[in-house]
Amino acid sequence: MTAASPSDDPRPRTFAVAPGPYPFAPRVPGPAATALAGLDTAVAEVRANAASWARATPDFRVRLLDEVLRATLPVAGRWTETASRHEGLDPASPDAAEEAIVGPYVFARGARLLRDAIRDIDRHGRPAIPGGARRLADGRVAARVMPAGLSDRPLYLGTTADVWMDRSVTLDELPATMAGHYRTQPEPRVCLVLGAGNVSSIGPLDVLHKLFVELQVVVLKVHPVMAHLGPVQEDLLAPLVRAGVLRIVYGDAAEGAHLVNHPLVDTLHVTGSDRTYEAIVFGSGPEGEARKRRDEPILAKPFTAELGNLTPIIVVPGRWSPSDLEYHATNIATMLVNNAGFNCTTPRVIVTARDWPLRAALMDRVRARLDALPSRAAFYPGAAARFAAFREHYPGAETYGAHGDGQLPWMLIPGLSPDASDEPAYRFEAFCPVTAETAIDAADTGDFLDRAVAFANERLWGTLNATLIVHPCTARDPALRPALARAVADLRYGTVSLNHWSAIGYGLGITPWGAYPGHTRTDIGSGVGFVHNPLMFDRVEKTVVRSWFRAFPKPIWFAGHRTANQITPHLVRHEVTGSLTGLPAVGVLALRG
């Protein structure tokens, strides 16, 4: 990504969305805002335990995580049902599996992998790398972290993940760059986690990272859009509250402002918008912009942040069969419709080769899938205003599905020029069901890969995650293999995924999640720092996930999966208990999906 000048935000000034705050009426009510005195009490209570937590033994932390895992099973059903109703889904339908996956399953997997890593620290001094480490052809060091265990091999058939370290790490030095806070007792600190409003496991997983990787005590402010799950999260994280290392509070901007400026809060983590980050650090309005240009923050506390992305889907031309086209039309449509488009992993630009003979056939199948999928509730504040702004700017945009009664259709903006320098679809995250398609002129497939990577790096805002879709014959072609390897290496994104949706980098639980390193507070982009990093790598550059061109069985997150809601309870139980008894049923149900 080309760094934005501190004095000139590169996003076009001709594109505007009506300013917030936006009215929001929750479908499922949650707890009321915490009084200011209650916020002060919460901070003081965890501050009192910060020093003892920093020097707690790994065995004590393992036992706490065991308690958290045991607390997950009793709330998993309620978690899924409440989240589904909030988003307008039938809790009894296969569609509700979407909430079970990104809620209790992803959380339980993350907690279990973190517990296992700390158990390794207790026994061996550092976490074990499941697949060992190696030196890549360009000299960088990569750790094979997936499959993370025996059960991952059948559950994630054909999927591998490697964590690439920055170029300062050598193979011999890698062990010394893991679990740094466990080797040297850190300074006691209180972290404020400003929870996300779109995905229910983000806040709880951020809490676990700050507590068990960075060894900071935590105050979690639940996002107002996620407040309906507050009681579930209180039960889920009750062992941490009882231990005195976590407090959960509620509120909006006023409560958030009180906490970020609290003298006993040392560090912050936020998942949200880059504009939210800038308002906290520099202030809002013209005065905030001026302070940003001068790099004169009003809040200089240490910060980690995950702040969104315009996720590219780079479709590498190849000789695809009709069934290949159908599979990846569903794959791409799933990425857009998941969570109604309210994801930082939602594909915002589909990058194709203009002269690929199958380009039109693929895009027509994507259109057909979008037309067949029901519209979703626009549950996230401001969605209608953002959708309207894109629709006004792009009068040729296509829409599919119903519009009205609190729902938005799926929007596809076709045929954008890759050379445009003032394109809102390349600079603003819609954060609603909007995606665009860009066709690149290229002499051949290798040229396309080079041009597509340059487009993604230089034109698109964000550095969080990107997806490449490439046919195995193309990937194996000796003439193209160097271009593909170069594309994976050169993409400046925190997660690069081949064939699976790059959101899998969030869901695997073993792969660090965050923006590509290098952002500064005056050019914050997709954020700074990695979370959900159970193996506690200190110097991560990116994660690279690889999977089969067509996964088998069909991934349970695919839109229209018929048995996903029957599979997810087995998966949650497996992560919590380690029992393999439910996996044969998972296999049978997966084949019927």
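The values are calculated or read from the model by the stated rules, or taken from the named source; none is laboratory data. Quick caveat, the model's predicted, so the values are computed rather than measured. As a convention, Cβ positions derive from the backbone with ideal geometry for all residues, glycine included, and neighbour counts pool all protein chains shown.
Surrounded by fewer than 23 Cβ atoms within 10 Å (Cβ to Cβ) and outside the structural domain of residue 214 (by TED's automatic domain parsing): does that describe residue 551? Yes, satisfied. Evaluate the following for residue 543: is it crowded, with 18+ Cβ neighbours inside 10 Å and under 22 Å from the mean Cα position of the chain (by Cα)? So residue 543 passes the test. Residues that are under 24 Å from residue 546 (Cα atoms), surrounded by fewer than 21 Cβ atoms within 10 Å (Cβ to Cβ), modelled with pLDDT of 95 or more and in contact with a strand residue (DSSP E or B) (Cβ under 6 Å, 6 or more places away or on another chain): does the range 150-160 have at least one? Yes, that holds for at least one residue. The selection criterion, being farther than 30 Å from residue 254 by Cα, exposed (fewer than 12 other Cβ atoms within 10 Å of the Cβ), modelled with pLDDT under 95 and in the same structural domain as residue 231 (by TED's automatic domain parsing), does not hold for residue 96. Considering only residues that are of a type in the set (Gly, Ala, Ser) and either closer than 17 Å to residue 41 by Cβ or at pLDDT 95 or above (or both), which ones fall in the range 255-278? Result: 256, 257.
For the range 476-493, check the following and say yes or no: at least one residue is touching a Lys or Arg at 6+ places or on another chain (Cβ under 6 Å) and crowded, with 23+ Cβ neighbours inside 10 Å. The answer is no, given that none of the residues of the range 476-493 is touching a Lys or Arg at 6+ places or on another chain (Cβ under 6 Å) and crowded, with 23+ Cβ neighbours inside 10 Å.
Just to be sure before I move on: is residue 352 modelled with pLDDT of 95 or more, among the hydroxyl-bearing types (Ser, Thr, Tyr), touching an Asp or Glu at 6+ places or on another chain (Cβ under 7 Å) and not in a helix (DSSP H, G or I) in the structure I sent? So residue 352 fits the description; yes. Is it the case, given these coordinates, that residue 353 is surrounded by fewer than 20 Cβ atoms within 10 Å (Cβ to Cβ) and not assigned by TED's automatic domain parsing to the domain that holds residue 203? Taking the combined requirement at face value, the residue does not satisfy it. Mind checking whether some residue in the range 290-312 is within 19 Å of residue 435 (Cβ to Cβ), at pLDDT 95 or above and assigned to a helix (DSSP H, G or I)? Looking for residues that are within 19 Å of residue 435 (Cβ to Cβ), at pLDDT 95 or above and assigned to a helix (DSSP H, G or I), one finds none in the range 290-312, hence no.
Taken over the range 505-522, the criterion of being among the β-branched types (Val, Ile, Thr) and surrounded by fewer than 24 Cβ atoms within 10 Å (Cβ to Cβ) is satisfied by 520, 522.
Looking only at residues that are in contact with a strand residue (DSSP E or B) (Cβ under 9 Å, 6 or more places away or on another chain) and assigned to a loop (DSSP other than H, G, I, E, B) in the range 370-401, which one is modelled with the lowest pLDDT? Filtering the range 370-401 for residues that are in contact with a strand residue (DSSP E or B) (Cβ under 9 Å, 6 or more places away or on another chain) and assigned to a loop (DSSP other than H, G, I, E, B), the one modelled with the lowest pLDDT comes out as 401. Being closer than 28 Å to residue 119 by Cβ, crowded, with 18+ Cβ neighbours inside 10 Å and modelled with pLDDT of 95 or more is a property that residue 51 lacks.
In the range 257-266, what residues are in contact (Cβ under 8 Å) with a residue 40 or more places away in the chain and either part of a loop (DSSP other than H, G, I, E, B) or out of contact with any helix residue (DSSP H, G or I) (no Cβ under 8 Å at 6 or more places or on another chain) (or both)? Residues satisfying the conditions are 262, 264, 265, 266.
Being under 17 Å from residue 58 (Cα atoms), assigned by TED's automatic domain parsing to the domain that holds residue 70, surrounded by 19 or more Cβ atoms within 10 Å (Cβ to Cβ) and touching a His at 6+ places or on another chain (Cβ under 8 Å), is that true of even one residue in the range 215-222? Within the range 215-222, one or more residues are under 17 Å from residue 58 (Cα atoms), assigned by TED's automatic domain parsing to the domain that holds residue 70, surrounded by 19 or more Cβ atoms within 10 Å (Cβ to Cβ) and touching a His at 6+ places or on another chain (Cβ under 8 Å).
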